[in-house]
Amino acid sequence: MTRSKNIDVLTFGETMGLVVAEPGPLEFAGSAQLRIGGAESNVAIVASRLGRSTHWVSRIGDDAFGRLVERTLRAEEVGVTVIRDPQRPTGLMVKERRSRTLQRVRYYRSTSAATKLAHDDIDDDLLSRASILHVTGITPALSPEARDAVDTLIDRARALGVTVSLDINYRSALWTRSEAAAFLSSAIPRCDIVFGGLDEFALVDPGIVTADAAIEDALARGAAEVIVKLGDRGAVGERDGHRAAVEATPVDVVDTVGAGDAFVGGYLVARLDGLTLDECLALGGLVGAAACTVAGDWEGAPRREELSQLFDGHSVSR
């Protein structure tokens with residue numbers, strides 16, 4: 001029996017508790033805010049705010065940070081499936097705002113519950129109900145178990161006819177360039193949509209120095225749709241033989257963390273809406289720009305009705 005596709009974007013990966021200290025040296029901070037952050041859940045929140053049904057699957061500790069993660073995502077109308085591990089903590093990151101332009105982030109995640117993620121944490125019933133499975137290169141970097149989980153999950157999604165989206169999201173603190181390259185060389189050919197920065201595509205071929213070269217390399221490896229995120233220079237992508245580019249939307253930048261995830265979320269929503277490549281890049285760019293105007297990993301992500309108010313003069317077809 002064919003199951004209905006009632007989950008637009010299904011995500012799989014670690015979300016951590018986030019401590020954001022007041023500006024200044026961390027050791028002298030008199031106050032801090034508790035938030036959450038994680039690339040995959042950031043995308044889920046963005047897509048949810050834009051009116052799409054989303055779901056996030058992970059492992060968390062049986063602790064206060066785990067409860068904070070779950071409560072926050074549910075409040076953002078993201079569906080949640082979690083396995084609570086009483087023996088391992090929820091991951092934690094601490095953000096030090098040393099100055100207006102310098103931020104330092106410290107991670108405490110090496111023994112977190114999410115390092116034990118397994119592909120069968122998502123069963124076939126849940127997976128088959130998704131239109132898009134979105135994963136990143138962060139999760140496979142957490143541990144050999146998490147790497148195997150993502151690797152197997154990609155194959156399972158493909159077998160069920162689920163579109164697979166991968167954001168490379170390389171983190172040098174989690175694994176080496178050679179380890180990442182080995183995973184990506186295997187994963188990219190099996191993914192329908194691949195996002196990444198220019199330097200991230202160069203992980204699989206150091207000779208890649210332009211967006212066009214990155215696109216051509218990933219397409220040659222077997223990806224069907226490739227998007228190169230260029231930060232303040234916009235983005236370039238190719239789908240079905242059509243290549244397009246979008247310039248970055250000028251905004252007063254407060255915090256760029258999470259902007260790439262917001263771009264991905266906006267792009268995927270536009271794609272689900274049936275928009276053209278040019279329109280997908282445009283919406284992704286607007287949503288990513290909006291995320292930069294607010295401190296936090298996802299808090300600045302706009303709702304659909306806010307787009308015209310935030311960016312008067314920038315039209316996006318819907």
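The values are calculated or read from the model by the stated rules, or taken from the named source; none is laboratory data. Keep in mind it's a predicted model, so treat the numbers as computed, not measured. Here Cβ is always computed from backbone atoms with ideal geometry, including for glycine, and neighbour counts include all displayed protein chains.
A few comments on the model shown:
- Scan of the stretch 70-102 for residues that are of a type in the set (Ser, Thr, Tyr), at pLDDT 95 or above and surrounded by fewer than 18 Cβ atoms within 10 Å (Cβ to Cβ), ordered by number: 81
- Within the stretch 251-265, residues that are in contact (Cβ under 8 Å) with a residue 40 or more places away in the chain and charged (D, E, K, R) have Cβ atoms under 6 Å from residues that are outside any loop (DSSP other than H, G, I, E, B) and surrounded by 18 or more Cβ atoms within 10 Å (Cβ to Cβ) in these pairs: 261/39; 261/42; 261/43, counting only partners at least 6 apart in sequence or on another chain.
- Members of the stretch 27-43 found to be in a helix (DSSP H, G or I) and either touching a strand residue (DSSP E or B) at 6+ places or on another chain (Cβ under 8 Å) or on the phi > 0 side of the Ramachandran plot (or both), listed by number: 39, 40, 41, 43
- Count - residues of the stretch 143-197 that are touching a residue at least 24 places away in the same chain (Cβ under 8 Å) and assigned to a helix (DSSP H, G or I): 25
- Take the conditions (1) among the charged types (D, E, K, R); (2) more than 17 Å from residue 55 (Cβ to Cβ); (3) free of Cβ contacts under 8 Å to residues at least 40 places away in the same chain; residue 116 misses just one of them, which is (3).
- Qualifying residue in the stretch 244-259 (condition: hydrophobic (A, V, I, L, M, F, W, C), under 15 Å from the mean Cα position of the chain (by Cα) and either more than 19 Å from residue 162 (Cα to Cα) or at pLDDT 95 or above (or both)): yes
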